[in-house]
1. Evaluate the charge dipole of the chain about its Cα centre and quote only its size in Debye, nearest 20, assuming +1 on the Cβ of each Lys and Arg and -1 on the Cβ of each Asp and Glu.
2. Can you sort E47, E251, E360, E126 so the residue with the fewest Cβ neighbours within 10 Å comes first?
3. What full-extension length gain, to one decimal in nm, is calculated for Y81 and K187 as 0.36 nm per residue of separation minus the Cα-Cα distance?
4. Ranked highest first by the average count of other Cβ atoms within 10 Å around their residues, in what order do 256-267, 168-179, 365-376 fall?
5. With no solvent and one point per C-alpha, what does the Debye sum give as log10 I(q)/I(0) for the range 1-189 at q = 0.18, 0.19 Å⁻¹?
6. Lysine pairs, Cα distance under 18 Å, 8 or more residues apart or cross-chain: how many in the range 259-513?
7. In the chain, which Cys residues have no partner Cys with a Cβ closer than 4.7 Å?
8. Can you tell me the orientation of helix 9-32 relative to the chain, as the angle in degrees between its alpha-carbon axis and the longest Cα principal axis, to the nearest 10?
Amino acid sequence: MEEEKKVNPYIVALSVLLPSFMSLAASSATNVCQPNIAGYYGATQYEANTVITSYIISGGVMLPVTGFLVRTIGKKLLLYYSIWLFCIGAVMCILAPNLQMLIAARIVQGIGSGCILPLCQAILLEVFPENQRGVAMGLFGIAAMFSPLAGPFLGGYLTDNYSWQWVFIINIPLSMISFLLVKLFVKKDIPPKQKYNKKFDIVGFSAVVVAMGCMQIVLDKGQQYNWFDTPWICWLTGICIFSFVLFYVWELEYKYPLIDIRVFKDKNFLIGTFVCSFLNIMLYSTLLLVPMFVQSLLGYSPSMSGFAMFPRAVACLIGLLVVGEISRFFESRLLATIGLLIMGFSVFQLSNLNTTASIETVILPNILLCIGVPTAFIPITALAFQTLDAKRTADAAALHAMFKNVITAVATSVSATFIARVSQVHQTYLVHNLSGENPHFYHKLMAAQVKFSTYFNHYTAARKAGGSLYNQMLAQARLCSFYDAFQLLALLCILVIPFVIILKTKSKKRKSA
């Protein structure tokens, strides 16, 4: 009877890719409206940054338990609950009366989104026949990489033309459509009734929740409270490290672990996960830094900063389609190395921008960056899972995604902190130039004073001239911090290449077997 009700796998793919697109776009769409959220609630930009990291961390907490939940209630029912929870979180975001409630709502939304992506991957692998697995993972790759890149464009357009709340409002009809598609086209699965399914690793899960919760508080509040100068930040850091160590040891020793941590004994998987996490750092750091640069230094609106990011999404989409075919003819490590070199060059080009840069000079390096990302991402991901047993790929995929989530949250927070701290360092050096003993400064000050005296009295004109030059100095200090950030990311691209070279590739004889 089930055979007669078979649905076209592409329709099933659409049904599961829509919620995946929605959940991933929600992680980056808030990047461009972050200043609007901060202004609406009267918060600092660093406090508003919690809106982004809380979503990423809460989604990451759900990754280790996805396998257990699938074995307990089945994929279709879990996808139902995930979509509904995501939708409820979106409604709570719209109604949030203060920033604390908005962060709580984002945590609810993140918990709903956490299981969606691994479920999408599992369902695609199930519905497509063995000879079309490449097509299935191609579709998954497009959704996984295109949606977080398209998020800033969508978020910027909605914020500029309506309000920042529309970034969350749009999720409600999409959730309803997703739920309907899943109900109609995704086959119901009955979880196997086995003894081990009833065992839930409470200690392991609690350790992950505590570790990631403490990590999020440290990352979000560290800059505001001067990091390790504050005792409670030190305590939370210690609890975070202890909880991660406890999770690792417990999962190794417990009879019914949440996840098989021993997959990290595979060298390819360990190094491949590290390199893939670095690609996430590149992707999400630039996803935060470029809109910040475009809005704070170039003075563009949220929709224009979103527009500056959209071509990189298109480039990534095309790159995934093209590189998938090219990878059959090139050695994986060579292709990954080329991708990392392209990424390094493109990010270095971003360090040549200044406060008079046009939007085109921002778009071109971004396009080049997202040609390099899929060029490196596809072969590295393949190499990471190449030497693993088929039985261990589910746990490996969950750990791979969890590790990348944690690194992404850290990268987002560290990027924002880096700009704040390094701009203060540059400000300390540049402020010495604002002295009457400097002839260039004195000449500029007098010229500005003459201009302001056309509209104001002599005293007011002098104050406004000094304030104008001081603001220019602050902008220059912030610009220098962006230079340093982009150059550091470019250097890291080069330093990661040796790790790619030591990855193992299967011999032709073993491949054919």
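1. Magnitude of the dipole: close to 1060 debye.
2. Details: E47 19, E251 22, E360 8, E126 14.
With the fewest neighbours first, E47, E251, E360, E126 line up as E360, E126, E47, E251.
3. On the way: separation 106, 0.36 × 106 = 38.16 nm, distance 1.56 nm.
Full-extension gain reported as 36.6 nm.
4. Descending packing order for the listed peptides: 365-376, 168-179, 256-267.
5. -1.14, -1.25
6. Total qualifying Lys-Lys pairs in the range 259-513 comes to 11.
7. So far as the 4.7 Å Cβ criterion goes, C33, C87, C93, C115, C120, C234, C276, C480, C493 stand without a partner in the chain.
8. Approximately 30 degrees, to the nearest ten.
Only the coordinates and a few stated rules stand behind these numbers; no lab work does. Everything quoted here is computed from the prediction, not taken from an experiment. Cβ sites come from the backbone with ideal geometry, for glycine too, and all protein chains shown count toward neighbours.
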